[in-house]
Protein chains: 2
Amino acid sequence: MNTISWDLYRTFLAVLRTGSLSAGARDLGLTQPTAGRHVEALERALGYPLFTRSQQGLRPTDAALALQPYAETLASTAAAMERHATGASGDISGVVRISASDVIGIEVLPPILAALQDEHPHLTIELSLSDAVEDLLRREADIAIRMTNPAQEALVAQRIGNVPIGLHAHQRYLDRYGMPLSPADLKGHRFIGFDRKTAFIRAMEVRFQAMMPTFPALDELNWSYRIDSNVAQLAAIRAGVGIGFCQTGVARRDPDLVRILPDVFELPLETWVVMHENLRRGLRWRKTFDALVQGLRDYARETRPQD
Amino acid sequence: MNTISWDLYRTFLAVLRTGSLSAGARDLGLTQPTAGRHVEALERALGYPLFTRSQQGLRPTDAALALQPYAETLASTAAAMERHATGASGDISGVVRISASDVIGIEVLPPILAALQDEHPHLTIELSLSDAVEDLLRREADIAIRMTNPAQEALVAQRIGNVPIGLHAHQRYLDRYGMPLSPADLKGHRFIGFDRKTAFIRAMEVRFQAMMPTFPALDELNWSYRIDSNVAQLAAIRAGVGIGFCQTGVARRDPDLVRILPDVFELPLETWVVMHENLRRGLRWRKTFDALVQGLRDYARETRPQD
DNA sequence: CTGATGGTATTCATTTTTGAATAGCTTCTC
DNA sequence: GAGAAGCTATTCAAAAATGAATACCATCAG
């Protein structure tokens with residue numbers, strides 16, 4: 001019995017992801033006939049079909065979908081291996097992949113990483129911005145900036161500190177609609193919030209109401225601008241759309257953003273930098289990790305009222 | 001830039017594991033020249049050597065060793081994928097890989113699994129026996145029998161119960177050397193123990209001394225027969241070599257094995273059956289999981305004094 | 001209805017990969 | 001010191017995988 005070529009798994013995944021032989025082949029730098037042959041060979045090896053062919057693409061069967069997680073793991077591992085492999089080991093060069101939330105990635109990381117790259121010009125940074133927690137054990141990223149204390153073993157973690165979330169609005173908005181001076185004042189204002197409520201948001205709402213009993217019920221507020229992206233919420237705050245949530249560290253940098261009711265509303269948010277411990281010995285990850293810890297600590301320090 | 005073929009990683013790993021092109025090729029069903037060409041191609045793609053060639057094989061460079069963990073993950077994932085893929089999905093057929101300690105795998109599992117296979121003749125069982133905890137998240141096994149409460153998420157776990165470890169000896173040994181009736185009596189006896197002390201053993205020793213203050217210090221006992229394998233320890237107990245540690249459930253099955261000082265010495269040992277939650281829907285894993293839980297619960301029940 | 005776009009299947013020449021055979025080296029055993 | 005066993009490197013013919021070209025089908029916009 002001949003074992004199955006791993007390359008077949010790769011094109012299988014590409015076809016599965018893209019939904020067609022042509023697109024999958026394009027992603028892989030192959031041609032459509034070879035992609036077709038790979039899928040065919042895999043199906044022959046397994047003894048059952050993985051896709052139902054049609055003129056507008058290939059629809060995966062249940063069996064194919066069941067295999068997808070494995071193929072995804074293969075892909076992320078191979079990508080991590082290639083990242084690790086490229087770049088001389090003694091030098092600080094090659095690729096480091098960082099996972100962070102979109103706000104951090106857009107508002108906070110650029111200057112930190114720019115300075116790092118100034119120092120190490122051969123270092124390439126891959127930034128993966130999403131609130132989905134990428135799995136460091138599965139090597140979907142090398143280093144992650146997390147908002148939860150990482151309990152998993154095999155990870156190196158450094159606590160940055162608490163960068164709380166506060167309520168903010170632009171000065172222009174406040175000039176027109178007035179500054180809320182008590183929780184009750186909030187009821188008349190326009191609020192920027194989430195569009196669809198994820199499980200995380202829901203959980204936070206509950207925690208939130210429990211923590212801040214003087215705060216009006218969230219349902220009673222006027223959520224007049226709803227968008228899921230935190231960055232887009234921030235943009236809305238800056239544009240004077242209304243009052244929204246935002247990390248105090250980010251808001252503090254913009255002189256026109258004003259914190260609302262700082263004594264009443266404050267949602268703590270722990271920040272951690274986390275890395276797989278296998279990477280600890282690699283110079284480039286170590287340096288990047290240290291730079292992130294340092295840079296984020298500086299950022300966290302800005303957060304505290306210091307003036 | 002052309003991406004690296006995943007098959008190169010596979011032969012890279014085989015060569016790394018076996019230490020030579022020839023042996024690696026043999027494992028993979030290839031020939032030595034192709035294995036050599038694969039390694040060469042990988043080195044060319046990365047831009048640095050992975051092995052130093054010699055007449056007696058290939059010695060890996062540091063860079064190669066750094067890449068090994070990734071390749072191992074690839075291999076175990078690909079193996080899991082193939083296991084998952086073979087066997088029709090509606091039927092109970094294909095391969096299930098179980099990880100267990102050697103004692104459990106040799107003394108307890110055979111009848112359970114035999115009954116399961118009687119019922120499902122197309123089911124193939126792979127047993128991986130070691131005390132090394134195989135990682136279910138990394139798919140090194142499908143189902144594991146663990147002695148610790150599995151804290152990781154993404155796992156389905158069922159608690160079996162407490163199957164404590166007790167001191168045991170063969171009747172023949174006791175006839176000749178006498179039955180210890182108090183902890184102090186133990187000092188004159190011959191003991192069967194571990195050869196090299198692992199971190200786990202050391203930790204258990206500490207816990208042990210703390211739990212059983214009336215027990216003599218372990219250093220004072222006469223460890224006259226030392227062997228790391230638990231199965232070999234059991235064999236030694238059965239051969240009348242001396243007094244040794246053994247799961248009470250296993251010992252109870254052999255009428256000639258006598259428990260020593262049951263009221264004084266008892267080391268609790270929790271048992272769990274654990275599985276990756278992705279496999280919950282697969283019929284063959286579900287069935288095997290259930291059979292293991294049922295069979296081990298029966299085994300645990302035997303343990304309790306019931307006569 | 002027509003043309004553009006994007007998909008699969010098939011054919012065939014070309015390129016690439018592979019294996020068998022062989023030479024040459026080292027180590028170990030008798 | 002002879003011989004066996006195990007290894008790498010190289011050569012060359014055979015086998016396998018690939019890509020370009022093409023036919024053909026579905027969908028959508030105008």
**Prompt:** Can you name the residue in segment A:143-182 that is farther than 22 Å from A:ILE237 by Cα and β-branched (Val, Ile, Thr) and is also nearest to the other protein chains (Cβ to nearest Cβ) among such residues?
**Reply:** A:THR148
**Prompt:** Does any residue in segment A:129-151 that is free of Cβ contacts under 8 Å to residues at least 12 places away in the same chain come within less than 9 Å, Cβ to Cβ, of a residue that is among the basic types (Lys, Arg) and open to solvent by 70 Å² or more (accessible area, probe 1.4 Å) six or more places away or on a different chain, and which pairs are these?
**Reply:** none
**Asked** For segment B:144-178, how many residues are of a type in the set (Val, Ile, Thr), surrounded by fewer than 17 Cβ atoms within 10 Å (Cβ to Cβ) and touching a Lys or Arg at 6+ places or on another chain (Cβ under 9 Å)?
**Response** 0
**Request:** Please go through segment B:268-298 and pick out each residue that is open to solvent by less than 10 Å² (accessible area, probe 1.4 Å) and at pLDDT below 90.
**Result:** B:LEU279
**Request:** Please go through segment B:103-126 and pick out each residue that is away from every other protein chain (no Cβ under 14 Å) and in a loop (DSSP other than H, G, I, E, B).
**Result:** B:HIS120, B:PRO121
**Item:** Of the criteria (1) closer than 20 Å to A:MET275 by Cβ; (2) without any contact (Cβ under 8 Å) to a residue 24 or more places away in the chain, which one A:GLY178 fails
**Value:** (1)
**Subset of segment A:221-244 (residues that are surrounded by fewer than 20 Cβ atoms within 10 Å (Cβ to Cβ), part of a strand (DSSP E or B) and either within 14 Å of another protein chain (Cβ to nearest Cβ) or of a type outside the set (S, T, N, Q) (or both))** = A:TRP223, A:TYR225, A:ARG226
**Request:** Among what's in segment A:79-102 and is of a type in the set (Gly, Ala, Ser) and free of Cβ contacts under 8 Å to residues at least 40 places away in the same chain, pick the residue that is nearest to the other protein chains (Cβ to nearest Cβ).
**Result:** A:ALA85
**Complete:** The condition of being open to solvent by less than 50 Å² (accessible area, probe 1.4 Å), in contact with a strand residue (DSSP E or B) (Cβ under 8 Å, 6 or more places away or on another chain) and at positive phi holds, among A:GLY57, A:GLY87, A:GLY105, only for A:GLY87
**Request:** From (1) in contact (Cβ under 8 Å) with a residue 12 or more places away in the chain; (2) outside any helix (DSSP H, G or I); (3) within 12 Å of DNA strand D (Cβ to nearest atom), pick out the condition that doesn't hold for A:ALA25.
**Result:** (2)
**Asked** If you take the residues of segment A:35-54 that are open to solvent by 40 Å² or more (accessible area, probe 1.4 Å) and within 9 Å of DNA strand D (Cβ to nearest atom), which of them is farthest from B:GLU140 (Cα to Cα)?
**Response** A:SER54
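The values are calculated or read from the model by the stated rules, or taken from the named source; none is laboratory data. Source: prediction; values computed, not measured. No Cβ is skipped: glycine too gets one built from the backbone with ideal geometry, and neighbour counts run over all protein chains shown. Side chains included, ligands, DNA and RNA excluded: accessible areas come from the protein's heavy atoms. Shrake-Rupley method; radii C 1.70, N 1.55, O 1.52, S 1.80 Å.
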